[in-house]
Amino acid sequence: MAEIDEVNRKITLKLVYYGPAQSGKTTNLMRLHDLLAPDLKGEVMTLETQNDRTLFFDLLPLGFRTPSGWLVKLKLFTVPGQVAHDATRKAVLSRADGVVFVADSQRAQSVNNAEAFQNLEENVQRVGLDFASVPLVVQFNKRDLPEAQILSEEEVRARWAQAPWPLVFSSALIGEGVKETFARLLEQVYPVLDKFCALQESHGVDRQSFVAAVTGG
Amino acid sequence: MELDPHTFDREFDLAELLAGMPLARMAQILATLLDGEFRLVTVGGQLMLGRAEPFAQPGRAAIRHDLETLGHLESASAGEARLSAAAGMVELVLQLSARYRMAADLHTETVQEDYAALQHQLAALKESEARYKTLSEELEERVRQQVETLETAQRQLYQAEKLASIGQLAAGVAHEINNPIGFIRSNLSTAQQYVRNLERLAALMKAGDMAQFQAVWNEADMAFVTEDFAALLGESVAGADRVAKIVADLKGFSNVDQTEEEIVNLNDNLRFACNVVAGQIKDKAELVLELGGLPRILCLPGHLNQVFLNLLLNAVQSLPDQGRIKVCSDVLNNEIRIRISDNGCGIPEGNLDRIFDPFFTTHEVGSGTGLGLTVCRDIVQAHGGRIGVESKAGAGTTFTVYLPIG
Ligand SMILES: Nc1nc2c(ncn2[C@@H]2O[C@H](COP(=O)(O)OP(=O)(O)O)[C@@H](O)[C@H]2O)c(=O)[nH]1
Ligand SMILES: [Mg+2]
């Protein structure tokens with residue numbers, strides 16, 4: 001849930017990239033750092049172990065100033081995908097305002113995707129969020145891999161036909177679909193945020209300008 | 001919305017990021033870099049490090065962290081480039097401090113989480129332990145009931161076994177009594193014939209017809225009759241005595257349930273048991289008694305009779321058409337030793353360990369409950385003694401009973 005700091009005139013949001021290990025969450029954050037041009041952009045802070053695996057989380061801070069002079073700060077986190085780090089995933093997921101689920105398109109990863117998604121559902125509930133209403137985008141990553149190796153778009157769409165969440169195909173490695181995924185999430189986050197702190201009314205930020213300000217147009 | 005101050009992803013201010021840093025050393029380094037005194041202040045103007053007194057017209061460089069300006073570095077002596085380089089250095093230090101703090105707090109959060117999960121598990125464990133305890137108590141109760149049921153069943157079987165051996169005993173006794181009764185009966189009918197002869201002779205004598213008397217006397221061979229009559233009566237008296245003895249012996253069995261102890265010579269009990277089986281084996285086997293001198297002991301004679309009878313009946317059953325049963329008694333190492341051997345079919349080695357087990361029987365189904373030897377062992381043990389067996393398949397079996405003296 002967004003944090004409103006009246007003293008420093010600041011609204012802080014938390015967005016989380018969730019998914020199985022090695023699906024491309026960290027890569028998404030790296031690409032976003034390169035691709036986005038908001039008013040304010042921090043560096044990617046990674047806390048990794050040996051083997052390049054995310055131990056705790058990665059963090060990318062982004063922000064912009066509203067016409068009202070407030071700072072809107074978005075903190076993008078990734079979670080460690082390894083099954084063993086469930087407590088860390090829960091802590092990172094706590095208080096999240098939106099989630100991107102990064103799935104690995106490789107056929108061989110289907111079970112891991114399913115388990116990670118189920119884990120997301122469980123942890124969302126455990127940290128006191130409502131799975132039905134939490135803003136969520138599902139991203140199928142690594143579309144650049146050979147066709148034989150990955151699920152076809154039709155297959156993925158068929159499998160997720162009943163799901164209410166936006167589905168985005170991406171190749172984080174080459175930067176495709178990364179920004180779109182993020183924009184789709186922002187679109188969903190906006191109405192919740194607007195309700196919570198009257199972005200439109202008090203700060204003069206509508207949905208379109210919100211997405212544009214964060215992504216840099 | 002107020003956040004728990006320890007959540008790892010909280011917003012940090014300058015004071016928090018500087019907490020725990022080697023501030024004195026930092027101040028020294030900054031003073032050297034900036035060619036003199038400096039001030040590190042928050043955006044609100046609060047001094048964090050350096051000179052307490054504000055500068056008149058200092059140069060200022062913003063200290064930024066996480067998109068925001070947290071404070072300023074002020075110096076009156078350093079040039080702009082040097083000041084902003086020093087500020088950059090402070091920013092790097094703050095960044096590292098934030099990194100460490102987030103990692104540390106996240107770690108604490110997850111440890112607490114794990115701890116909570118552990119406590120949850122512990123509670124679940126305790127609950128299942130309690131369930132297990134109840135279960136095991138129930139189980140104990142069920143086992144107790146089972147044991148009770150078994151004990152009742154076993155008591156009933158013991159009773160049945162006792163009745164079975166009493167049945168065998170009755171058969172033996174009937175056989176034994178039948179024999180003398182048979183010849184007594186036959187002697188008596190011969191005697192009736194002799195008496196009729198005597199009546200005829202008495203009538204002739206009264207009439208004074210001595211010639212006729214003489215003729216009949218010779219015809220009836222009265223010389224032999226008088227001799228035979230005496231023998232018949234003698235034989236019958238002996239037969240009646242034997243029946244009387246058997247009936248007297250029977251008393252030894254009529255008190256199998258008697259719990260009063262008596263002082264007896266076990267040789268008497270052995271003889272008695274042999275008498276009982278003698279009828280059954282008369283034409284089948286030779287019964288040899290080698291009874292040594294025994295001290296009298298205090299025991300339940302009715303029970304020991306049952307043991308001896310059981311062992312003897314076992315021996316009889318194992319015998320081939322013609323066999324031999326030997327009963328020996330003697331004293332060895334302050335114990336009475338009683339051996340009952342046969343040269344019958346023997347017991348296969350594999351069965352030897354089990355023959356005293358309840359319900360183990362090598363005899364055909366129906367000939368006994370399989371408790372005979374178990375009962376024997378229980379009775380002997382109740383007397384403080386022990387029972388053993390040696391056997392060779394095809395060669396015979398010896399049961400040995402040891403009973404303590406005194
Ligand atoms: N081919 C391909 N590889 C990718 C893509 N995205 C990430 N990877 C690779 O997958 C591996 C794991 O990526 P990473 O971002 O560390 O995964 P994370 O565990 O989810 O953070 C790395 O070797 C990436 O280079 C993609 O779109 N295509
Ligand atoms: Mg990662």
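The values are calculated or read from the model by the stated rules, or taken from the named source; none is laboratory data. In this text, all values refer to a predicted model and were calculated from it rather than measured experimentally. Here Cβ is always computed from backbone atoms with ideal geometry, including for glycine, and neighbour counts include all displayed protein chains. To get the accessible areas, we keep the full protein, side chains included, count just its heavy atoms, and leave off ligands, DNA and RNA. Shrake-Rupley method; radii C 1.70, N 1.55, O 1.52, S 1.80 Å.
So what is the relative contact order for chain B, in percent, with contacts set as C-alpha pairs under 8 Å and at least six apart? Let's see the in-between values first.
On the way: 494 pairs, mean separation 41.5, N = 406.
Over chain B, the number comes to 10 percent.
Report, in debye and to the nearest 20, how large the dipole of region B:1-62 comes out about its Cα centre when Lys and Arg carry +1 and Asp and Glu carry -1 on their Cβ. Walk me through the intermediate numbers first.
Details: 5 positive and 9 negative charges, 74 e Å.
Rounded to the nearest 20 debye, it is 360 debye.
Over 26 Å, how big is the tail of the calculated P(r) for chain A, in percent of all Cα pairs? Walk me through the numbers before you get to the answer.
Details: 7564 of 23436 pairs.
For chain A, the share of Cα pairs beyond 26 Å comes to 32 percent.
Check A:R143: other-chain or 5+ apart residues with amide H under 5 Å from its amide H, H built from backbone geometry?
A:S170, A:S171, A:A172
If you bin the C-alpha pair distances of the protein assembly as shown every 20 Å from 0, what whole percents do you get?
14, 24, 12, 9, 15, 14, 7, 4, 1, 0
Over the alpha-carbon set of region A:123-217, work out the extent along each principal axis and list the three values in angstrom, largest first.
52, 34, 21
Compute the Rg/Rh shape ratio of region B:6-120: radius of gyration over Kirkwood radius, all on alpha-carbon atoms. Could the numbers behind the result be given before it?
Values: Rg = 17.1 Å, Rh = 15.3 Å.
With Rg and the Kirkwood Rh in hand, the quotient comes to 1.11.
Determine the principal axes of the Cα atoms in region B:258-404, then give the extent along each, sorted from largest to smallest and rounded to whole angstroms.
Computed over region B:258-404, the largest-to-smallest principal extents equal 37, 31, 29 Å.
Mind pulling the angle between the C-alpha long axis of helix A:25-35 and the longest principal axis of chain A? Nearest 10 degrees, somewhere in 0 to 90.
The angle comes out at about 50 degrees.
For each pair in A:K25/A:K90; A:K14/A:K41; A:K73/A:K142; B:K326/B:K392; A:K10/A:K142; A:K75/A:K195, compute the distance between the two Cα atoms and list the pairs where it is over 26 Å. It would help to have the intermediate numbers written out before the result.
Details: A:K25/A:K90 16 Å; A:K14/A:K41 15 Å; A:K73/A:K142 29 Å; B:K326/B:K392 16 Å; A:K10/A:K142 36 Å; A:K75/A:K195 20 Å.
From A:K25/A:K90; A:K14/A:K41; A:K73/A:K142; B:K326/B:K392; A:K10/A:K142; A:K75/A:K195, over 26 Å: A:K73/A:K142; A:K10/A:K142.
Restricting attention to the alpha-carbon atoms of chain B, what are Rg (one decimal) and Dmax (integer), both in Å?
When restricted to Cα atoms, chain B yields Rg and Dmax of 55.7, 190 Å.
Tally the DSSP beta bridges in the protein assembly as shown and give the antiparallel ones as a percent, rounded to 5.
Rounded to the nearest five, the antiparallel share is 70 percent.
Starting from the alpha-carbon convex hull of region A:98-164, give the projected area averaged over all orientations, in nm². Walk me through the intermediate numbers first.
Details: hull surface 18.2 nm².
About 4.6 nm², averaged over all directions.
What would the Debye formula give as log10 I(q)/I(0) at q = 0.14, 0.20, 0.24 Å⁻¹ for the alpha-carbon point model of region A:1-115, no solvent?
Relative scattering, expressed as log10 I(q)/I(0), comes to -0.61, -1.08, -1.37.
What dipole magnitude, in Debye to the nearest 20, does region A:3-215 give about its Cα centre under +1 on Lys/Arg Cβ and -1 on Asp/Glu Cβ?
Values: 23 positive and 27 negative charges, 58 e Å.
The calculated dipole for region A:3-215 is roughly 280 debye.
Run the numbers for B:R142 and B:T226: contour at 0.36 nm per residue of separation, minus the present Cα-Cα distance, in nm.
Values: separation 84, 0.36 × 84 = 30.24 nm, distance 7.94 nm.
Full-extension gain reported as 22.3 nm.
Looking at chain B, do any whole DSSP H helices span at least 20 angstrom along their long axis by alpha carbon and average 0.5 or above on Kyte-Doolittle, and which?
On the way: long enough: B:80-207 (185 Å, -0.32); B:222-254 (47 Å, 0.68); B:266-281 (22 Å, 0.44); B:301-318 (25 Å, 0.47).
Helices meeting the span and hydropathy rule in chain B are B:222-254.
Positive end of the charge dipole of the protein assembly as shown (Lys, Arg +1 and Asp, Glu -1 on Cβ, about the Cα centre): tell me which of B:P348, B:P22, B:A85 has its Cα farthest that way.
Towards the positive end, the residue furthest out is B:A85.
Please compute, for peptide B:348-356, the average count of beta-carbon atoms on other protein chains lying within 10 Å of each residue's beta-carbon. Intermediate values should be presented prior to the final figure.
Details: counts 0, 0, 0, 0, 0, 0, 0, 0, 0.
Mean shielding count: 0.
Among the trypsin sites (Lys or Arg not before Pro) within region B:277-339, which fall in a DSSP loop and have no more than 14 other Cβ atoms within 10 Å of their own Cβ? Don't jump to the answer; show the numbers that get you there.
Details: sites: B:K282, B:K284, B:R296, B:R324, B:K326, B:R337, B:R339; in loops: B:K282, B:K284, B:R296.
Listed in order of number, the matching sites are B:K282, B:K284, B:R296.
Could you check which residue among B:N305, B:N275, B:N218 shows the biggest mean-square fluctuation in a GNM of chain B with a 10 Å Cα cutoff?
Result for chain B, Cα springs under 10 Å: B:N218 fluctuates most.
Counting only protein heavy atoms and rolling a 1.4 Å probe, how much accessible area do A and B lose on contact, total for both sides, in Å² to 100?
Working: alone 10340 and 24460 Å², together 32560 Å².
Using a 1.4 Å probe, the pair buries roughly 2200 Å².
As I understand it, the dipole of region A:1-137 uses +1 on the Cβ of Lys and Arg and -1 on the Cβ of Asp and Glu, about the Cα centre. Which of A:P20, A:M45, A:S94 lies farthest toward its positive end?
Of A:P20, A:M45, A:S94, it is A:M45.
Suppose R0 equals 51 Å. What FRET efficiency, 1/(1 + (r/R0)^6) with r the Cβ-Cβ distance, do A:E201 and B:D35 give to the nearest 0.05? Working shown, then result.
Working: r = 52 Å, r/R0 = 1.01.
The pair A:E201/B:D35 has a calculated efficiency of 0.50.
Quote the FRET efficiency, to the nearest 0.05, computed for A:F131 versus B:Q154 with a Förster distance R0 of 41 Å and r equal to the Cβ-Cβ distance.
0.05
So who's got an amide H within less than 5 Å of the one on A:Y18, skipping anything under 5 residues away but keeping other chains? H placed 1.01 Å off N, in plane.
Those qualifying (amide H under 5 Å, at least 5 residues apart or on another chain) are A:V100, A:F101, A:V102.
Estimate the FRET efficiency between B:Q381 and B:V195 by the formula 1/(1 + (r/R0)^6), using the beta-carbon distance for r and 51 Å for R0, to the nearest 0.05. Don't jump to the answer; show the numbers that get you there.
Details: r = 60 Å, r/R0 = 1.17.
That pair, B:Q381 with B:V195, gives E of 0.30.
What is the average number of partner chain Cβ atoms found within 10 Å of a Cβ in A:86-93?
Taking all residues of A:86-93 together, the mean is 5.
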